[in-house]
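A short worksheet on the structure shown next.
Laboratory data are not the source of any read-out in this text; all were calculated from the coordinates shown. Source: prediction; values computed, not measured. All Cβ positions, glycine included, derive from the backbone under ideal geometry; neighbour counts span all protein chains shown.
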Amino acid sequence: MAINLSKKPKTLPAETPPPMQVLSEEERQQQAEMELQRKRELLEAERIYRRGVVSVRDFIAPASYRVNPRDVEIGGKLCRTLFVVTYPRYIAVGWFAPIINLNVPLDISMFFYPVGSEVVLKQLRNKVGQLEAQILADAEKGAPRDPIRETALRDIEQLRDNLTQGTEKFFQVALYVTLYGNDKDSLDKLTDRVEAMFGSKLVFSKRVLYQAEQGFNSTLPIGRDELQVYFNMNSSPAASSFPFISSDVSSDNGILYGINRHNNSLILFDRFSLQNANFVVFATSGAGKSYAVKLEILRSLMVGTDVIVIDPEREYKYLSDAVGGTYINISLNSESKINPFDLPRPTSGSEKPADIIRAAVITLKGMMRLMLGNLTPEEDSIVDRALIEAYAKKDITADSDLTNIEPPLMADFQEVLGGMVGAEGLVERLKKFTEGTFAGLFNSPTNIELNNQLVTFSVRDLEDELRPIGISMIVSYIWNVVRSQLKKRILVIDEAWWLMQNEDSAKFIYALVKRCRKYYLGVTTITQDVNDFLRSPYGQAIVTNSALQLLMKQSPAGIDIVSKTFLLTQGEKYLLLEAAVGEGIFFAGPKHAAIKVVASYTEDQIITSDPRQLLEIEAAKKEFNESQQPE
C-alpha cells in the first residue's frame, strides 16, 4: 500500500486593501500649506547655512568697488585703462617689451579677431581703385605727386600679394593696459609715463572716459572684450606686439649652463666662440656660485678642455678625486714647490728671450711689492736691477737659449741684492722668505707639472698673510705654462677678491684676463665680496673683458653697485635679491636671461658643497667599504 506523505498547501486569504481616505477641501488646503511652510523653512535654513560658507569669490572680491568717469576705485586702489588707437607704418619687433618689463603692477590684454582674407581682398581692391583714380586725376591736372598716396598704394599692393599667397593673415587687434595707483597723483604720473613710452614708439593711446568699468573688465583674465576698440593689422605687425618675449641664450655647440627661466629652453654655450673666453661669477656665500662653476668644469672636461683651478677652501678636492685629477697642496709644509723665478719656454720665433725675461722681471716686481711692502723709487730701481742680475747669474740673458736653463732661486736674488748699495733694508725684509719662516714656500725649485686634464692648486693651508702672495705665484706659474704650450684651457680663480686687495696682484690678473685670448685660455673669476672687487678699477676692467657673466643672489649692500655695473633693470635687480640657490642672470655677450643651474643626480653627488650632503656621502662610502671587508 502506497502512502502519500505530501501535504497540500494551505490557501492564504487575500489581503484586504485599506479603505481609501477621502479628504475634505479644507483638509487638503491645510496639508498644502504645511508642505509649503516646510519648504520655506528648508530654504531659510539653507540660506542661513550658505551665509556661513566662504567661497573663492569671497576671497578675491574687493571690499569696495566704485566706478568713476575716468577710473575705478577698488578696495582703496585706483585703476585706469589705456587703449591703443593707432600704430605707425613700421614698428620694430619687441617694441612692447619696455612696457611689459615696467616694474609696476599692470594688466595687459590683447584680443585678436581673425578676418577672412576674401573680405579683406575685396575691400583692398576697392581701395586700390580709389587711390589709382586719385593719382591719375592729380597727374592729369598737373598737380605734384602725393608721396603719401603712392606709399599707401605700394603697401596695399604688397599686402594683397601676401594675403593671396597665404603668407599673411588679417586681424582686428585690440590692446588694453590697466594701471594701478594708490592715489590720483601717482596714477596720473604712471599714466603719463606709459603714454610717453607708447608715444616714443609712435603708438597713439587714449584713456578711457565713462568706460572705466568696461576697461577694467576687459583686462581681467576672463577673456571678455567690453571696450571693443580695434585696429586693422596683418600678422607680421601683430606678431611684433606679442607680449611674451624672452631672450634665447643658446648656440649650436658648447656645454649646458642651465635652464632659461623665461621659456624653459636650454642655455648651451661655447665660451671659446665669443670674443674672449673669460667668465666672471658674482654671488653671496651659499648662493651656488662654486656649484655652478664646478658643474661647468665637469662638463668642460667631457668635451676635452683642460681645467686649472685655484682652490682657497678645499672645495674642489672631491671633484678632482672623482675625475682622476691632480690635486696639489701649496703650503709651508707641502712637498709641492713652485719657483717664482721660472720662465716660460718660447714657442715661436716672435717671442724673443729679451721680451720673456723683461715680462718675468715685471711680474716678479709686483710679487716683491706683495712680499716686501711698499717700495720707494730708489728701492724699486734696486729690485729691478737685482732681478736682472739674478737671471744673469744663471747665464739667462737676452742671447740665451731658454729651452734648457736653470732659473735662479730666491736665495740667488737675495745674494745679488746683498751686494748692492742701499739694499740693506730690502735684504733684511727678504730673509724671512729665504731663511726664515716662509723659506719652504718660495726658496725651492719647481717640482710639479701640469700634465693632467684637471689640476687643482689648494691654498687653504696658507696663512692669510701669505695667501695673496701664494695665489699670485701660482697664477704666474700657470701663465708661464700656458704661454709655453698652446692648448684649450680654463683657469678658475675662486675668491678672486683676495687678489683685488692689492694693486699689483689686481693689475697682474687684469693683464692676464686681457692677454689670455691669444693663448686659447679662458679665465673664470669667482667672488662673493662684490663691493671690494667692483670698486677696484681693475675689477671693473676684468668684468668689461669677460664675455660671460653670471650673477646669482646678491646682498642688499652690494646690489646697487652690481646694478650700476651690469645696467640691470629694476625687475632684474629684485630678481637677484630674491633669487633662490642656483638661480640668477646669465650674460653671454649682448644677450642675457634668467638662469637656473640644474645638475643630474650623478653630477650633484660629485660637485656638491653642502656639508650635510658631504657627510651623507662619506657615511655611505664608509658603510660600503665596511660591507666589502671579509668577516
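Listed values, structure above:
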| item | result |
| --- | --- |
| Efficiency of FRET between Ala354 and Gln501 - r from beta-carbon atoms, R0 51 angstrom, step 0.05 | 0.95 |
| Built amide H within the under 5 Å cut-off of Tyr327, gap 5+ | Thr456 |
| Distance between the stretch 435-482 and the stretch 257-298 - C-alpha centres, whole angstrom | 27 |
| Which labelled figure in (1) 46; (2) 41; (3) 11 is percent of Cα pairs over 48 Å apart, once derived from the coordinates | (1) |
| Computed FRET value (nearest 0.05) for Glu378 with Lys514, which takes r as the C-beta separation and R₀ as 30 Å | 0.45 |
| Cα centroid separation - the stretch 558-572 against the stretch 170-239, whole Å | 30 |
| Assigned charges on the beta-carbon of Lys, Arg, Asp, Glu; the stretch 339-445 dipole about Cα centre (debye) | 260 |
| Which of Ser381, Val421, Ser444, positive extreme of dipole for the stretch 339-445 (C-beta unit charges) | Ser444 |
| Alpha-carbon centroid distance for the pair the stretch 312-347 / the stretch 590-631, whole angstrom | 23 |
| In Hz, Karplus ³J(HN,Hα) per residue of the stretch 335-344 (6.51, -1.76, 1.60; θ = phi - 60°; x = Gly, Pro) | 7, 7, 10, 10, 8, x, 8, 4, 10, x |
| Violating pairs (Cα-Cα greater than 25 angstrom) within the set Lys294/Lys564; Lys352/Lys394; Lys337/Lys431; Lys337/Lys621; Lys189/Lys573 | Lys294/Lys564; Lys337/Lys621 |
| Three-way shape label, the stretch 316-426, alpha-carbon gyration tensor, a/c 1.5 | oblate |
| Per-residue ³J(HN,Hα) for the stretch 231-241, Karplus 6.51 cos²θ - 1.76 cosθ + 1.60, θ = phi - 60°, Hz, x for Gly and Pro | 9, 6, 7, 7, 5, 5, x, 5, 5, 5, 8 |
| Formal net charge of residues neighbouring Ala579 (Cβ-Cβ distance under 12 Å; K, R +1; D, E -1) | +2 |
| Listed peptides 449-456, 566-573 by packing density, highest first (mean Cβ within 10 Å) | 449-456, 566-573 |
| Charge context of Arg369, other residues only, Cβ under 13 angstrom, K/R +1, D/E -1 | -2 |
| Reachable lysines from Lys184, criterion Cα separation under 20 angstrom, eight or more residues apart if same chain | Lys77, Lys206 |
| Beta bridge orientation in the chain: antiparallel %, DSSP, nearest 5 | 65 |
| For the stretch 349-499: rounded, prolate or oblate by the Cα gyration tensor [a/c cutoff 1.5] | oblate |
| Cleavage-rule hits (chymotrypsin sites (Phe, Trp or Tyr not before Pro)) in the stretch 73-147: DSSP loop, at most 14 neighbouring Cβ within 10 angstrom | Tyr90 |
